[in-house]
Amino acid sequence: MAADDMHEERLIFAAYDDRVKELFKVFAEGLAQGEPERSGQDRFRRALRFAKRARNLGLQAVQAEKAADASALVAEAAK
């Protein structure tokens with residue numbers, strides 16, 4: 001059952017990993033095409049911050065949903 005409880009979190013972490021890989025590829029390609037390093041780094045850092053924020057907010061939403069589900073189960077059991 002614990003593995004099922006972690007399913008959404010694993011998906012969020014996998015999506016985050018994929019996003020970071022994609023962002024790095026864009027960053028590396030920009031450098032290869034002669035983009036200035038400073039602006040490329042700035043854009044990469046900004047995109048990483050947004051990806052981390054989305055990951056963290058997603059994890060919070062999943063945890064809130066699980067807490068609500070647990071509360072509903074407790075309330076149902078108390079009836």
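Summary of computed values
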read-out: Residues (assigned to a helix (DSSP H, G or I), open to solvent by less than 80 Å² (accessible area, probe 1.4 Å) and out of contact with any Lys or Arg (no Cβ under 9 Å at 6 or more places or on another chain)) located in the stretch 24-47; value: A28, L31, S39, G40, Q41, D42, F44
read-out: Filter result for the condition that a residue is open to solvent by less than 90 Å² (accessible area, probe 1.4 Å) and modelled with pLDDT under 95, over A70, A15, A51; value: A70
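The values are calculated or read from the model by the stated rules, or taken from the named source; none is laboratory data. Since the model is a prediction, treat every value here as computed from it, not as a measurement. Ideal geometry is used to build each Cβ from the backbone, glycine not excepted, and the neighbour counts take in all protein chains shown. For the accessible areas, the whole protein counts, side chains as well, though only heavy atoms, and no ligand, DNA or RNA atoms are used. Shrake-Rupley method; radii C 1.70, N 1.55, O 1.52, S 1.80 Å.
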